[in-house]
Amino acid sequence: MPLDLDPSIIGREFDHTVYGPVEAEELVAFSRALGATRPEYIEPGAELVGHPTFPVRYKGRKFYPENLPATIDVRRGFDAGKDIQLGVPVRPGDMIDVRSTLHEVYEKTGRTGSMYFVVIRFTMTNQRGEMLAVIDNRFMHR
Amino acid sequence: MAVPLRPSEVQEGDELPARELFLSKEQVRAYARAGGQWSPRFTDDEGARKEGLPGMITPGNMSLGLLVAMVEAWAGPGSVRRLGVTFRGLVLPDRTVRLCGAVTGKDERARTVELDVWLESDEGERLVIGTATVALA
């Protein structure tokens, strides 16, 4: 079924959430769960930084905008992939500012019918305005 | 510990040292807890089956993190600038997976390389595929 999409919602920010401050223990637990052994990822202290993928644990409080086409069943779907640009690492005490925009919506037709892909862009910065990560989260819905 | 690679040390077609690891359910649960993804599909076989899955699965974000760790072991900490992945199949815990990569291009001026990266099952099925841009020294 063709998508009835209001083009003006593309690129529009629909959520802004700030998390933190990040605690050293959170950074260490995340890195250890990935099997990290580098001291800068697992030893609390002045040199401690988050694993580069630490920002993926954050998303907006509102995951999707409210005005997606009704043909997309947002209750059913799965994580189809991610594109991440990495900036400066997360450090203990950082605040994580997450701005969510609807980046792209598209349809693909396969053997089992139509699939709708919704790409949400999370732009994350710290309290100094430095870019932590830009994450395009691609979800697939039937 | 890996030291940052120099452009002269890298050629198109080079393969990264593959990493093989047994992903235990405990490790996946630890990631789900630390990664803010504590949900039955990532923590509990019975709960995952109720969602139509064969059992608990590994979060896609964890696969992403393991791929970055594999690249950093080769190119040095903080070297990954960009990573894009597609989740093609379920990564089931309590099995061995292999993390692999290969150099597909090199930009001498920008001092970066492009990689293909993937996570494959013990049977060689590529469950997560992607590309990465990595900074060199």
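Each reported figure results from applying straightforward, stated rules to the coordinates on display, with no laboratory input. Just so it is clear, the model here is predicted, and its values are computed rather than measured. Cβ sites come from the backbone with ideal geometry, for glycine too, and all protein chains shown count toward neighbours.
Among B:M56, A:M131, what is the fewest-to-most ranking by other Cβ atoms within 10 Å? Present the calculation step by step, with values, prior to reporting the outcome.
Numbers: B:M56 23, A:M131 13.
Lowest to highest Cβ neighbour count: A:M131, B:M56.
Would you calculate, for chain B, the mean residue ellipticity at 222 nm contributed by helices, counting each DSSP H stretch of 4 or more residues as -39,500 (n - 2.57) and dividing by all residues, to the nearest 500?
The helix-only estimate for chain B comes to -7500 deg cm²/dmol at 222 nm.
Treating only the Cβ atoms of Lys and Arg (+1) and Asp and Glu (-1) as charged, compute the dipole magnitude of the protein assembly as shown about its Cα centre; round to the nearest 20 debye.
Here the protein assembly as shown has a charge dipole of around 460 debye.
Report, in degrees rounded to the nearest 10, the 0 to 90 angle that the Cα long axis of helix A:24-33 makes with the longest principal axis of chain A.
Between the helix axis and the principal axis of chain A, the angle is about 70 degrees.
What FRET efficiency comes out for the pair A:R12/B:L21, r = Cβ-Cβ distance, R0 = 45 Å, nearest 0.05?
Values: r = 41 Å, r/R0 = 0.92.
Computed FRET efficiency for A:R12 and B:L21 comes out at 0.60.
Can you compute the charge dipole magnitude of chain B about its Cα centre, using +1 on each Lys and Arg Cβ and -1 on each Asp and Glu Cβ, nothing else charged? Give it in debye, rounded to the nearest 20. Walk me through the intermediate numbers first.
Details: 17 positive and 20 negative charges, 98 e Å.
Using Cβ point charges on Lys, Arg, Asp and Glu, chain B gives about 480 debye.
Give me the number: length gained by fully extending A:M115 to A:E66, i.e. 0.36 nm times residue separation minus the C-alpha to C-alpha distance, one decimal in nm. Write out the running numbers ahead of the final one.
Numbers: separation 49, 0.36 × 49 = 17.64 nm, distance 1.95 nm.
Working it through step by step, the gained length comes to 15.7 nm.
Using only helices, what value at 222 nm comes out for chain A when you add -39,500 (n - 2.57) per DSSP H run of length 4 or more and divide by the total residues, to the nearest 500 deg cm²/dmol?
Working: 2 runs with 14 residues, N = 142.
Calculated at 222 nm, the ellipticity per residue is -2500 deg cm²/dmol.
Report the charge-dipole magnitude of the range A:1-125 in Debye, nearest 20, computed about the Cα centre from +1 at each Lys and Arg Cβ and -1 at each Asp and Glu Cβ.
360
Rounded if a/c is under 1.5, else prolate if a/b is larger than b/c, else oblate: which is the protein assembly as shown, with a ≥ b ≥ c the root eigenvalues of its Cα gyration tensor?
Values: a/c = 1.35, a/b = 1.27, b/c = 1.07.
Rounded shape, in that the Cα axes give a/c under 1.5.
Just want the ordering: B:V97, A:V90, from fewest to most Cβ atoms lying within 10 Å of their own Cβ. Provide the component values of the computation, followed by the final result.
Working: B:V97 22, A:V90 26.
Ranking B:V97, A:V90 by Cβ neighbours within 10 Å, fewest first, gives B:V97, A:V90.
Roughly how many Å is it from the Cα centre of the range B:63-98 to that of the range A:85-103, as a whole number?
Taking the Cα centre of each part, the range B:63-98 and the range A:85-103 sit 20 Å apart.
Among A:S100, B:A110, A:P21, whose Cα projects farthest towards the positive end of the dipole of the protein assembly as shown, with charges put on the beta-carbon of Lys, Arg (+1) and Asp, Glu (-1)?
In the protein assembly as shown, that residue is A:S100.
Can you list the aspartates and glutamates whose alpha carbon sits under 12 Å from that of A:K59, skipping same-chain ones fewer than 8 residues off?
A:D15, A:D97, A:D136
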